[in-house]
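Undergrad: Handing you this structure, nothing more for now.
The values are calculated or read from the model by the stated rules, or taken from the named source; none is laboratory data. In this text the structure is predicted, and so the values were computed from the model without any measurement. For neighbour counting, all protein chains shown are included, and Cβ atoms are generated from backbone atoms with ideal geometry for every residue, glycine included.
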Amino acid sequence: MNIYYNGDQPYQVVRTLPASTFDPRRYGVNRTDEQAFMMILQLWRDEHHCDHVLRKGDDFMLCRTIKEAVIDDSKINFGR
C-alpha cells in the first residue's frame with residue numbers, strides 16, 4: 001500500500017497518472033478549459049472509489065483518505 005502524507009493527513013494512493021491523461025480532447029470533448037479538465041479528473045477519481053486528488057509535479061494522485069481509528073470501549077469485553 002502506497003501512503004502519502006499531505007501535512008499531517010495520510011492518504012492511500014490508489015493510482016498516479018500524468019496530467020495529460022485528463023486532457024478532455026482524449027475523450028472526444030472539444031474543450032480545453034479548466035472546467036472540462038476537472039470533470040474528466042472527477043470521473044477518474046469516482047471510478048477508482050477515491051475521495052481526494054493530490055497533485056505532485058505533473059502527476060495527479062487518486063487517493064483515499066486514511067481516517068484515524070476510533071476505539072469504542074463500550075464494545076470491549078474485559079473478561080467480565
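Undergrad: Which of the residues spanning region 60-76 are of a type in the set (Ser, Thr, Tyr) and within 17 Å of Asp8 (Cβ to Cβ)?
TA: Selection gives Thr65 alone.
Undergrad: Yes or no: Leu62 in contact with a strand residue (DSSP E or B) (Cβ under 7 Å, 6 or more places away or on another chain), in contact (Cβ under 8 Å) with a residue 24 or more places away in the chain and either among the charged types (D, E, K, R) or outside any loop (DSSP other than H, G, I, E, B) (or both)?
TA: Yes: the conditions hold for Leu62.
Undergrad: While we're on this one: Does any residue of region 31-50 turn out to be assigned to a strand (DSSP E or B) and either within 16 Å of the chain's Cα centre (by Cα) or free of Cβ contacts under 8 Å to residues at least 40 places away in the same chain (or both)?
TA: no
Undergrad: Look through region 34-78, keep the residues that are under 11 Å from Ala19 (Cα atoms) and of a type in the set (Phe, Trp, Tyr), and return whichever of them is surrounded by the most Cβ atoms within 10 Å (Cβ to Cβ).
TA: If we take residues in region 34-78 being under 11 Å from Ala19 (Cα atoms) and of a type in the set (Phe, Trp, Tyr), then Phe60 is surrounded by the most Cβ atoms within 10 Å (Cβ to Cβ).
Let's see how each residue does on (1) more than 12 Å from Tyr4 (Cα to Cα); (2) in contact with a Lys or Arg (Cβ under 7 Å, 6 or more places away or on another chain); (3) modelled with pLDDT under 90; (4) of a type in the set (Asp, Glu):
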position: Asp33; (1), (2), (3), (4): yes, no, yes, yes
position: Ile40; (1), (2), (3), (4): yes, no, no, no
position: Arg45; (1), (2), (3), (4): yes, no, no, no
position: His48; (1), (2), (3), (4): yes, yes, no, no
position: Asp51; (1), (2), (3), (4): yes, yes, no, yes
position: Asp58; (1), (2), (3), (4): yes, no, no, yes
position: Met61; (1), (2), (3), (4): no, no, no, no
position: Ile66; (1), (2), (3), (4): no, no, no, no
position: Asp73; (1), (2), (3), (4): yes, no, yes, yes
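Undergrad: Mind checking which residues of region 12-30 are in a strand (DSSP E or B) and aliphatic (A, V, I, L, M)?
TA: Result: Val13, Val14, Leu17.
Undergrad: State whether the residues of region 1-8 include one that is touching a residue at least 40 places away in the same chain (Cβ under 8 Å) and either surrounded by 15 or more Cβ atoms within 10 Å (Cβ to Cβ) or part of a helix (DSSP H, G or I) (or both).
TA: Checking region 1-8: at least one residue is touching a residue at least 40 places away in the same chain (Cβ under 8 Å) and either surrounded by 15 or more Cβ atoms within 10 Å (Cβ to Cβ) or part of a helix (DSSP H, G or I) (or both).
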